[in-house]
There are 2 protein chains.
Amino acid sequence: MKIIVDAMGGDNAPLEIVKGALAGQKHWGVDIVLTGDENAIRGALTRCGQPEVPTGMEIISTSQTVEMCDDPATVFRRKKDTSMGVGLTMLREGQGDALVSAGSTGALLTGATLITKRIHGIRRAAMAPVIPTTTGQAVLIDCGANAECTPEYLVQFAYLGNFYAQQVLGLAKPRVGLLNIGAEDSKGTDLQKQTLARLRQAAEEGHLHFIGNIEAKEAIKGGCDVIVTDGFSGNILLKTMEGVGSFAGSALKGMFKKNLLTKLAALAVMPGLNDFKAKLDPNKVGGTAFIGIARPVIKAHGASNAEAIENAIGQAAAFARSGLIEKIEENVNLMKIEH
Amino acid sequence: MKIIVDAMGGDNAPLEIVKGALAGQKHWGVDIVLTGDENAIRGALTRCGQPEVPTGMEIISTSQTVEMCDDPATVFRRKKDTSMGVGLTMLREGQGDALVSAGSTGALLTGATLITKRIHGIRRAAMAPVIPTTTGQAVLIDCGANAECTPEYLVQFAYLGNFYAQQVLGLAKPRVGLLNIGAEDSKGTDLQKQTLARLRQAAEEGHLHFIGNIEAKEAIKGGCDVIVTDGFSGNILLKTMEGVGSFAGSALKGMFKKNLLTKLAALAVMPGLNDFKAKLDPNKVGGTAFIGIARPVIKAHGASNAEAIENAIGQAAAFARSGLIEKIEENVNLMKIEH
């Protein structure tokens, strides 16, 4: 198993990326290809106490980097030798089993689509983070790759999320819900109403365990395992979770910092507090899978530290081992809507 | 100041509604009209220690109730004598200054639109709750009345929310933001892009303090005072907040219940915990204003207890006193888009 890591992507590149790659190699027993500026990568390795490139790790030197300000639509035409673009090309050509990048989301999505390509028959790739819920976790698909969707996209997302929950998260019969502003069939826009009808049909035919519309509040309570939605609403849900999580965090901090007594109280509940924080910590969760691309691509958080990269590498290896892409390919005919 | 209260709406009607009306009358110094089943209301008054209808309170007897299962689109044609419908008719006819109901949201919205009517020139009424943010509060407009929107609706929501923040919340120059999946101008769907251009123009003309696109996470951090969005995304934001709030609540409960030490810790931070809970408690916040209707209508939470009704009555009185509707009427020409 060989994981390609874009060493130049993210706010903390290359040092934290390289550090995470070293940890990930050890933790998950995988080989690593680092793409990026060779001098910078070697410098980072040295700072990690590794003056030599370790066995099972190689550097593919590139001269350019995708910057956050680069236009995703044109960057790979303008810059032919970026750490991200070269990594995606290697992935397409089988010189690695999965790719991890903490670089620009838009560029990674465009690059994955244009260079690595979608699975044949899949209309749009989706971003599918695994989000924490009160009772466990759920796949949120899509969370921002596709602001504007058709019913066919959403039907495909339902299948993609379902197979991800089965193959990668190990759920036998994931409960698939359509994010909506009420549980009744009449709720939402035409997009939700048409998708609902299609997904009910898929459920009747035994292809999905579709539970109908689900409100955001119920989804976060753990009401389903796969939350199907357009990228606009999915992004609102995800970013609201992050916002309220940090809101609660700062409220708690204020609460415990008040006086000596509350500071002692903080010590007593520290393990519980840390569990709670870890549950909402993007560095622990790893990255966001791009589903629908012909090879496994994991987008790590832009602010990823070494731990986040280590976890994203583990997630990439699990994705590559899962047989998810083969499963999607076998079932792609179910996901087609006749026009 | 006379507030009409739908005594039969909500999960806890009529007892909690009547109890809240008594408390609201006293707290806010307003007269109250209770619409609903006279016997049931008198029974509730008796249970509140008021065998006689108090001075400044009257009962308008109605024989029917809008049920949650009633179709909002047809209920007021089928049932001519409901507590909600009669209340809205009285409101239109000036037999009260504002109306509070904890009944079906869909029916109240339809009834307010069909019976009490919109302000002339306003395309759609919006639901605009005031939500807590890390640094204070913000008006979220719309949060579910209009799942499908045009740029013109959103431009109107921006003005309506702006005037609400000025007239009711007392902000001199509210920061108005357009909810989007990124801050850049290119983000979102055509709806956001077209609305952004219109709102920028309104800002240039000095009508709004428009700050551009805002992500959900930044909005919850307190990045703006008025969050403009379609009802679908607004509902996702609101319900996600509720979901994560209750997620955090149950995580905290578990954390503090672990052992004797953590229970003692809970005692130490109890005041802070209660402040935090109160901030997210819908009963404390009151209700959601319907903005764009020609008279003030407040939707109280379906699960409202007496305290929630008391607060919603205060909010209704503040709305009625604020001059908001007059302000909207004076400025309605700014909100028109030529077709």
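B:A73 label point (Cα plus 7 Å toward Cβ) to equivalent points in the other copies: 3.8 nm, shortest first.
A cut-off of 5 Å between modelled amide H atoms, ignoring neighbours fewer than 5 places along the same chain, links B:K258 with no other residue.
Per-residue mean of foreign Cβ neighbours for A:248-257 is 5 (Cβ atoms of other chains, 10 Å radius). Whole-percent P(r), region A:130-283, all Cα pairs, 5 Å bins from 0: 2, 9, 17, 20, 17, 11, 8, 6, 5, 3, 2, 1, 0.
The loop-placed trypsin sites (Lys or Arg not before Pro) in region A:204-264, going by DSSP, that have at most 13 neighbouring Cβ atoms within 10 Å of their Cβ come out as A:K257.
In this structure the amide hydrogen of A:S104, modeled in the peptide plane, comes within under 5 Å of the amide hydrogens of A:G10, none closer than 5 places in sequence on its chain. Per-peptide packing, taken as the mean over residues of other Cβ atoms within 10 Å, places B:312-321, B:128-137, A:242-251 in the sequence B:312-321, A:242-251, B:128-137 from highest down.
Take peptide A:140-147, look around each residue's Cβ out to 10 angstrom, count Cβ atoms belonging to other protein chains, and average those counts.
2
Here B:T55 yields copy-to-copy label distances, from shortest upward, of 9.6 nm, the label point defined as 7 Å from Cα along Cα to C-beta.
In order along region A:222-230, the Karplus-derived 3J(HN,Hα) couplings, from 6.51 cos²θ - 1.76 cosθ + 1.60 at θ = phi - 60°, round to x, x, 8, 9, 10, 9, 9, 6, 5 Hz, and Gly and Pro are given as x. Couplings 3J(HN,Hα) for region A:160-168, derived from phi with the Karplus relation 6.51 cos²θ - 1.76 cosθ + 1.60 (θ = phi - 60°), are 4, x, 4, 5, 4, 4, 6, 7, 9 Hz, where x marks Gly and Pro.
Summary of packing: across the peptides B:44-55, B:110-121, the per-residue average of other C-beta atoms within 10 Å ranks them, highest first, as B:110-121, B:44-55. Partner lysines whose Cα lies under 20 Å from the Cα of A:K2, excluding those fewer than 8 positions away in the same chain, are identified as A:K19, A:K26, A:K117, A:K299. What would the Debye formula give as log10 I(q)/I(0) at q = 0.05, 0.06, 0.09 Å⁻¹ for the alpha-carbon point model of the protein assembly as shown, no solvent? Computed log10 I(q)/I(0) values: -0.27, -0.38, -0.83. Taking amide hydrogens as placed 1.01 Å from N in the peptide plane, the amide H of A:E58 sits under 5 Å from those of A:I32, A:V33, A:L34, each at least 5 positions away in sequence or on another chain.
For chain A, a/c is not less than 1.5, where a ≥ b ≥ c are the root eigenvalues of the C-alpha gyration tensor, and a/b does not top b/c. That puts it in the oblate class. Anything losing 40 Å² or more of accessible area from the isolated chain to the full protein assembly: pick those residues out of region B:177-204, probe 1.4 Å, ligands and DNA/RNA ignored. Those are B:I181, B:T189, which lose 40 Å² or more relative to the chain on its own.
Carbon-plus-sulfur fraction of the accessible area of chain A, 1.4 Å probe, in percent?
On the way: 6640 of 13480 Å².
Within chain A, the accessible surface is 49 percent carbon and sulfur.
Over region B:83-140, accessible surface divided per residue gives 31 Å², non-protein components excluded, 1.4 Å probe. Working note: Cα atoms of region B:194-288, range along each principal axis, descending, whole Å: 61, 24, 23. With the label put 7 angstrom out from Cα along the Cα-to-Cβ vector, A:E326 ends up 7.5 nm from the copy partners, going from closest to farthest.
Buried accessible surface for the B/A chain pair comes to about 4200 Å², total over both chains, computed with a 1.4 Å probe.
What average number of partner chain Cβ atoms lie no more than 10 Å from the Cβ of the residues making up B:211-217?
Mean partner-chain Cβ count within 10 Å for B:211-217: 4.
Each residue of region A:23-40 was assigned a 3J(HN,Hα) from its phi angle through the Karplus expression (A = 6.51, B = -1.76, C = 1.60, θ = phi - 60°), giving 5, x, 4, 5, 4, 9, x, 10, 7, 10, 10, 9, 9, x, 5, 4, 4, 5 Hz with x at Gly and Pro.
The calculated FRET efficiency for the pair B:A203 and A:D190, based on their C-beta separation and a Förster distance of 30 Å, comes to about 0.40.
The values are calculated or read from the model by the stated rules, or taken from the named source; none is laboratory data. Please read all numbers here as calculations on a predicted model, not as lab measurements. FYI the Cβ positions are ideal-geometry reconstructions off the backbone, even for glycines, and counts take in every protein chain you see. Areas reflect the complete protein model, heavy atoms only, side chains present, ligands, DNA and RNA absent. Shrake-Rupley method; radii C 1.70, N 1.55, O 1.52, S 1.80 Å.
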